[in-house]
Structures are given as C-alpha cells and as structure tokens.
Amino acid sequence: MSISFNKSVIAGALLALAGTAVAGEGHWSYEGKGAPEHWGSLKKEFALCKQGVNQSPIDIRAQADADLSPLQLDYQGKVASVINNGHTLQANFGTGNQLTLEGHSFELKQVHMHAPSENTINGKQYPLEAHFVHADADGRLAVIGIMFEEGASNPGFAALAPAYPAKASDAVPFGAELSPKAFFPQSLDYFRFNGSLTTPPCSEGVRWVVLKQVQTLSADEVKAFTSVYSNNARPVQPVNARIVVE
C-alpha cells in the first residue's frame, strides 16, 4: 500500500525514531503500562499501532518470486553523531548516502538497533537487527533491515560500539571516519514488503527491505548494545493481505 507523506509527517516520524524519550502522559516503552500491546491506547496519535493493517515487524515468509531490481547503494557520507534516545542506540549520518529502490531515490538518515530482532525470517529471531532509515524529498520512508548473529566482529559495530552513550542524551558528535558500507553484507539479495514504523506513531506506507544475508557481531559487540537495551523489540504483527516478495 502506497501512502504519501508530507514533510511534517516525516519530521514527526523521524523524531519518533530519533528523539530523546520523555516520561509522562503517553510515554511508550517495551514493558509495563507503556508496552507494545498498549501503544495504540496511549495517545490518539498512536492509534495506528492498534488499528493499522500493514504494521511492522512481521514474520518474513516469502510468498512470491519477483523480478526485483537490485539495490543501488551510493554511500559516500559518514556517521556524524551517536545518540541514546531512551528507546535505542542510534547513529545519525551526514549527507551523501543515497539508496535507489524501484527507481526512486532515498537519503540515508540514521541507523538504530533492536535486540532481539523485530522482524523474523521463517520464524527465526536473531540476537540483533539494524534498521537503516532512508527518506525521500517528499517524506516517504524506506528502511533496510539487516539481521545479526553472534560470530566474527563487524567492522561497523566495532568502530561504533565504544561511542554508545550509556544514558539517554543529546546527540554526541562522532569523530571517526565510518561509512555505512561497513555494516553491510556482500550480498544485497532481499525480501520486500510494505509496512510501518515499528515504534509509535506506527505510521504506515514504509517501504521495507530486509537483506537475506545474515551478518555477524562479536560477543563484545552484542553486549555493548544489550547492556544498554536488552529487549527493545516490538512483537511481530499480522501480515494480513500483504505479499512478501523476494
């Protein structure tokens, strides 16, 4: 399902992903009264978390083969800052990172992590999933998900992990030269489906791409994240009438 976003909507969506959490009325979390099963009732702006029909994450089970165009990643920019926003750890990117998906151009804004993975593949959940959030000039969103399991070190996370703020904070400048390409696997084969943000306000119309090749993190790199956020994954949502293609 294709939904048009204006710039005010994308600003709100990216703020939901990037802003520092503030406790109080409507505060969402991953446990207790603010847990995912209650999101849709916390604020009227979160109604899609309960009423939406194309919600993410999902259990990915490919239903159709399709002649999908290859992902075109022209990532020339670097990580600019790192933030602990009260819900996840996130790296913000400077300009110069473009994704071309289905003939359409998106700019990479940030990557954030969830442990364990939010999406699952054929019922399998991974220790960590990274979401690379892209936006076009009109506010439409495209997210690339990459699954990680414990194994060899990942060069991206090896460089990023020492900069994680332990407590919720403003964005901290990141001085090292780190390209988003450092996080990606060699193969860019992918699953494709339509979905939503996995955090409130759960806005739909997001183009989802989940790479098939699973990456690895060292035990220390996994611990660097899970020592701060050990469970920040929304449960899988009904697929409903959507088709997952590969």
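Read the figures in this text as sums done on the coordinates, not as results from a lab. Because the structure is a prediction, the values reported are computed rather than measured. Positions of Cβ are generated from backbone atoms using ideal geometry, with glycine treated the same way; all protein chains shown enter the neighbour counts.
The phi torsions of the range 100-111, fed into the Karplus equation with coefficients 6.51, -1.76 and 1.60 and a -60° offset, translate into couplings of 10, 10, 6, x, 10, 9, 10, 9, 5, 9, 6, 10 Hz, rounded to whole numbers, with Gly and Pro shown as x.
Ordering Ser227, Gln213, Pro238 by the projection of their Cα atoms onto the charge dipole of the range 189-246, which places +1 on the Cβ of Lys and Arg and -1 on the Cβ of Asp and Glu, puts Pro238 at the extreme positive end.
For the cross-link pairs Lys181/Lys212; Lys78/Lys124; Lys109/Lys181, the ones whose C-alpha atoms lie over 21 Å apart are Lys78/Lys124. Rounded to the nearest 20, the size of the Cβ-charge dipole of the chain about its Cα centre is 440 debye, with Lys and Arg at +1 and Asp and Glu at -1. Pair-distance distribution of the range 65-140: all C-alpha pairs, bin width 5 Å, starting at 0; shares per bin in whole percent are 3, 14, 19, 19, 20, 17, 7, 1.
Given the alternatives [x] 47, 42, 35; [y] 60, 43, 35; [z] 58, 38, 31, Cα extents along the principal axes in Å as computed for this entry is given by [x]. Our helix-only sum for the chain, with -39,500 (n - 2.57) per DSSP H run of n ≥ 4 divided by its residues, gives a mean residue ellipticity at 222 nm of -3500 deg cm²/dmol. In the chain, taking the dipole from charged Cβ atoms about the Cα centre, the farthest positive-side position among Ala166, Ala182, His134 is held by Ala166. Computed about its Cα centre, the charge dipole of the range 103-246 is approximately 240 debye, with only Lys, Arg, Asp and Glu carrying charge at their Cβ. In summary, the aspartates and glutamates within cross-link reach of Lys33, defined as a Cα separation below 19 angstrom excluding same-chain residues under 8 places away, comprise Glu25, Glu45.
Loop only by DSSP, 13 or fewer other Cβ within 10 Å of the Cβ. Give me the trypsin sites (Lys or Arg not before Pro) in the range 44-81 that pass, ordered by residue number.
Here the sparse-neighbourhood loop sites are Arg61.
Put a dot 7 Å past the Cα of Asp67, heading toward its Cβ, do the same for Gln51, and the two dots end up 4.0 nm apart.
The residues packed around His114, meaning those with a beta-carbon under 12 Å from its beta-carbon, carry a net charge of -1 if Lys and Arg are +1 and Asp and Glu are -1.
Looking at the square roots a ≥ b ≥ c of the eigenvalues of the Cα gyration tensor of the range 111-177, which shape do they give, rounded for a/c under 1.5, prolate if a/b is larger than b/c, or oblate?
Working: a/c = 1.85, a/b = 1.09, b/c = 1.69.
Oblate is the answer for the range 111-177, as a/c is 1.5 or above yet b/c matches or exceeds a/b.
Coupling constants for the range 219-230 follow from the phi torsions by the Karplus curve (6.51 cos²θ - 1.76 cosθ + 1.60, θ = phi - 60°), and in residue order they are 4, 5, 5, 5, 5, 4, 8, 5, 5, 9, 9, 8 Hz; glycine and proline get x. Sorting 212-219, 66-73 by average packing, meaning the other beta carbons within 10 Å per residue, from highest down gives 212-219, 66-73.
Taking Ile83, Ile121, Ile146 as the candidate residues, the one with maximal mean-square fluctuation in a Gaussian network model of the chain, Cα springs under 10 Å, is Ile121. Label sites at Asn122 and Ser227, each approximated as a point 7 angstrom past Cα along Cα to Cβ, lie 3.5 nm apart.
Stretching Ala241 away from Gln76 to a fully extended chain increases their span by 55.7 nm, per 0.36 nm per residue minus the current alpha-carbon distance. Extending 7 Å from the Cα toward the beta-carbon at both His27 and Ser187 defines two label points whose distance is 4.4 nm.
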